[in-house]
Amino acid sequence: MSNNMLNSFLNNNIADLKDRGLYNEIDTVQGANGPVIKVKGKEHINLSSNNYLGLATDERLKKLAKEAIDSHGVGAGAVRTINGTLDLHINLEETIAKFKGTEAAISYQSGFNCNMAAISAVMDKNDAILSDALNHASIIDGCRLSKAKIIPFEHSDMNNLRQKAKEAVDSGRYNKIMIITDGVFSMDGDIAKLPEIVEIAEELDLITYVDDAHGSGVTGKGAGTVKQFGLQDQVDFQMGTLSKAIGVVGGYIAGKQNLIDWLKARSRPFLFSTAVSPADAIASTRAIELLMESTELNEKLWENGNHLKDGLKKLGFNIGNSETPITPCIIGDEKNAQEFSKRLFKAGVYAKAIVFPTVPRGTGRVRNMPTAAHTKEMLDEAIAIYEKVGKEMGFI
Ligand SMILES: *Cc1c(COP(=O)(O)O)cnc(C)c1O
């Protein structure tokens, strides 16, 4: 028999979400997540994946992953600190450190899990964390887990950050203080003001943590936002994911050797959860090497991003303040954003509506993620569909 209180909690809350247009119906992709995807038996131009460089389906990586299964098996076999540290994990971490220009790196099972792991390994209840108001959910949860005092600052508002940082320092209440920010903000595509953040941190002796999940492979010719600004020696934690531009799965911190040594000793998901599989580790390693060897995919990504942005802007859509290929199409009302996405889908474009709580209330949008794997023809077709549906709904 199921519990009555649980049932009424679940049923009431799900009904409430549906009522307010905040309930996300999850689609199944029938096959690979490439530039065109099959959903509900029909092909759609895919503008919703984070597979920025098309590496999730790259033939070179698929071949290596298959070979790694033959040589190393399908699983790592144990947590890293017992005997689940395979040579492939060490190669991956050495490659990440080279890519990020740091002394060392540590890899985790996902980017989310990495933020949960790394923040709480260093910060505790006697510390404070200055956190950008639009930071990703995994940063927020990682900060909460640490029990440090969380002090939000207005999104990318450096005066507000400086003032709150000074107040925190002057209060004398905290042992350590960290500034934490996304490198690229995933819902708007704007870039954090890292030079100013580092300046404030140096002036006040604060720790810096940059989550570059959407920057790696994208900004700084692929090397990420921290490297774009040449700040790899100043930023303490360069966090990234292996699931977006890298195309596989996993997360990492790149930084100084003593930081990585500490995280290997104290970050709980590293100690108590098995590492990514051999196939994942080798595919990620090779993907990063490809990025270091050539900027071709990165250039294609930006070219495609600019093409889509120009097209949507010319049609009169509000595409916000994106500085990266991320192209939001801001509608406002949650239900309108969801209806827009549904009609785009019917017309052959897969572009997901993103609503509260992922973005602030009243800023519902359809977010477009062009990739290096799209052709000009696919993007032009998508723009034509945006025009047709946008006019139909009276948005343009
Ligand atoms: C996607 C994302 C993560 C989580 O990465 P996963 O590897 O998918 O777990 C963390 N931070 C930011 C900013 C992200 O966009």
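The values are calculated or read from the model by the stated rules, or taken from the named source; none is laboratory data. Since we're looking at a predicted model, the values are computed, not measured. All Cβ positions, glycine included, derive from the backbone under ideal geometry; neighbour counts span all protein chains shown. We work out accessible area using only protein heavy atoms, side chains counted, and drop any ligands, DNA or RNA first. Shrake-Rupley method; radii C 1.70, N 1.55, O 1.52, S 1.80 Å.
Criterion applied to I37, I26 was being among the β-branched types (V, I, T), assigned by TED's automatic domain parsing to the domain that holds H374 and in a loop (DSSP other than H, G, I, E, B), and the one residue passing it is I26. Residues in region 248-266 that are away from the ligand (no atom under 11 Å from the Cβ), in contact with a Phe, Trp or Tyr (Cβ under 8 Å, 6 or more places away or on another chain) and not hydrophobic (A, V, I, L, M, F, W, C) were compared, and the one that is farthest from A279 (Cα to Cα) is G255. Here S216 does not qualify as within 16 Å of the ligand (Cβ to nearest atom), open to solvent by 10 Å² or more (accessible area, probe 1.4 Å), among the hydroxyl-bearing types (S, T, Y) and touching a residue at least 24 places away in the same chain (Cβ under 8 Å). Selection of region 72-117 for residues being over 25 Å from L291 (Cα atoms) and either open to solvent by 30 Å² or more (accessible area, probe 1.4 Å) or in a helix (DSSP H, G or I) (or both) yields V74, G75, G77, R80, T81, I82, N83, G84, M116, A117.
Among the residues of region 166-209, the ones that are closer than 19 Å to N321 by Cβ and within 15 Å of the ligand (Cβ to nearest atom) come to 13 in all. With respect to the conditions (1) surrounded by fewer than 20 Cβ atoms within 10 Å (Cβ to Cβ); (2) at pLDDT 95 or above; (3) within 14 Å of the ligand (Cβ to nearest atom), A137 falls short on a single one, namely (2).
I330 passes every criterion in (1) open to solvent by less than 40 Å² (accessible area, probe 1.4 Å); (2) of a type in the set (A, V, I, L, M, F, W, C); (3) more than 19 Å from Q228 (Cα to Cα); (4) not assigned by TED's automatic domain parsing to the domain that holds Y252 apart from (1).
Return yes or no: is D157 surrounded by 21 or more Cβ atoms within 10 Å (Cβ to Cβ) and acidic (D, E)? For D157, the condition - surrounded by 21 or more Cβ atoms within 10 Å (Cβ to Cβ) and acidic (D, E) - is not met.
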